[in-house]
Amino acid sequence: MSYVGPEFEPVPQRRSRRGPFTVALAALVPAALAGWLVYEVVGDSGGSGGSGPSAQAAGVSGHSAGPSSPDAKGGRDGTGSPSASAGTAGSGGRSLKGKVVVIDPGHNPGNFKHATEINRQVNIGTNSKECDTTGTATNAGYPEADFTLDVSRRLRTLLEERGATVKLTQDGDRPWGPCVTERAQIGNKAHADAAISIHADGSAAGNRGFHVILPGAVHSGSADTRAIAGPSRDLGVGIKDGFARATGTAPSNYIGGGTGLDVRKDLGGLNLSTVPKVFIECGNMRDSKDAALLTSGAWRQKAAEGISEGIVSFLRG
Ligand code: ZN
């Protein structure tokens, strides 16, 4: 109940201070929307059904339209969109132009209704594992899948403001999944310069803080992370530092020995990646103090800013 306020905090609009450009912006919206529709049709990676412009435009998540609104998405293609005309204002210019970032919002709000599909076993190189999982939730019922999607959209906005090309593995536009195998493949196919999977943990009360998960060096079956383990560590350290600075929260007190870093060889999303990739567990949803942060829109914005900071520093080398 104490989360009523933060839950309804609006997602900040992109470049909302462009008052003088309102008229021009209004004129550009139809063009941007058209560009977005083309992007959605052409750019879709052929995932399962249920996606489509109408579902996207309707704002299916129930959160504020914000970054997922048609004009925000229209900015992706960079031509004739509002963002293309004002991209340099106050955001460090377009220094990530040409860089590709894939953001993986962990789980899917619809996974709860598709147990059969997500429980299907998939091969992650080292072993078989469920296609996907439901994720956790706060004790008050705020699902991890809603959290991951919200932070991912905020992060997309921040990175696009820097000029990066950003792709989400799912954007509330499919009924379940994708499987962890496909989540990795999306980053690989995009030749991402950096990829990140956004999560929040479901550990015991009293366990607090965030940690970044790095891929261990795995070479088994279709998994070979030997080439990405090093750069992924660089990416992860940057994100750990940026996240701590932007949110002011401490690294995990239950994983990683206070370093904020953990190495794993059992995650399909990392094992199957051929591009630098990490996971972040932003906090523990089952701890009431962490939950108060995770359910705050203002805190989620800080989280996105911290992750963005880390990605930017990695990509700038
Ligand atoms: Zn998760």
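Below are the figures for this structure:
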quantity	calculated
Exclusive hit being in contact with a helix residue (DSSP H, G or I) (Cβ under 9 Å, 6 or more places away or on another chain), within 16 Å of the ligand (Cβ to nearest atom), of a type outside the set (Phe, Trp, Tyr) and touching a residue at least 40 places away in the same chain (Cβ under 8 Å), set 177, 187	177
Long-range neighbours under 6 Å by Cβ, at least six apart or interchain, first residue over 23 Å from residue 194 (Cα atoms) within the range 235-261, second surrounded by fewer than 20 Cβ atoms within 10 Å (Cβ to Cβ) and acidic (Asp, Glu)	255/262
Test: residue 278 is within 16 Å of the ligand (Cβ to nearest atom), in contact (Cβ under 8 Å) with a residue 24 or more places away in the chain, in contact with a Ser or Thr (Cβ under 6 Å, 6 or more places away or on another chain) and not basic (Lys, Arg)	yes
Sole residue being open to solvent by less than 60 Å² (accessible area, probe 1.4 Å) and either over 18 Å from the mean Cα position of the chain (by Cα) or over 22 Å from residue 180 (Cα atoms) (or both), chosen from 294, 270	294
The range 122-140, subset out of contact with any strand residue (DSSP E or B) (no Cβ under 9 Å at 6 or more places or on another chain) and more than 16 Å from the ligand (Cβ to nearest atom), residue most open to solvent (accessible area, probe 1.4 Å)	139
Single match in 283, 306, 310 (criterion: open to solvent by less than 20 Å² (accessible area, probe 1.4 Å) and farther than 28 Å from residue 98 by Cα)	283
The range 141-161 - residue that is open to solvent by less than 40 Å² (accessible area, probe 1.4 Å) and small (Gly, Ala, Ser) and, of those, nearest to the ligand (Cβ to nearest atom)	145
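The values are calculated or read from the model by the stated rules, or taken from the named source; none is laboratory data. The shown structure was predicted, so the numbers you read here are calculated from the model rather than taken from an experiment. Positions of Cβ are backbone-derived with ideal geometry, glycine not excepted, and every protein chain shown enters the neighbour counts. Surface areas here come from the heavy atoms of the whole protein model, side chains and all, with no ligands, DNA or RNA. Shrake-Rupley method; radii C 1.70, N 1.55, O 1.52, S 1.80 Å.
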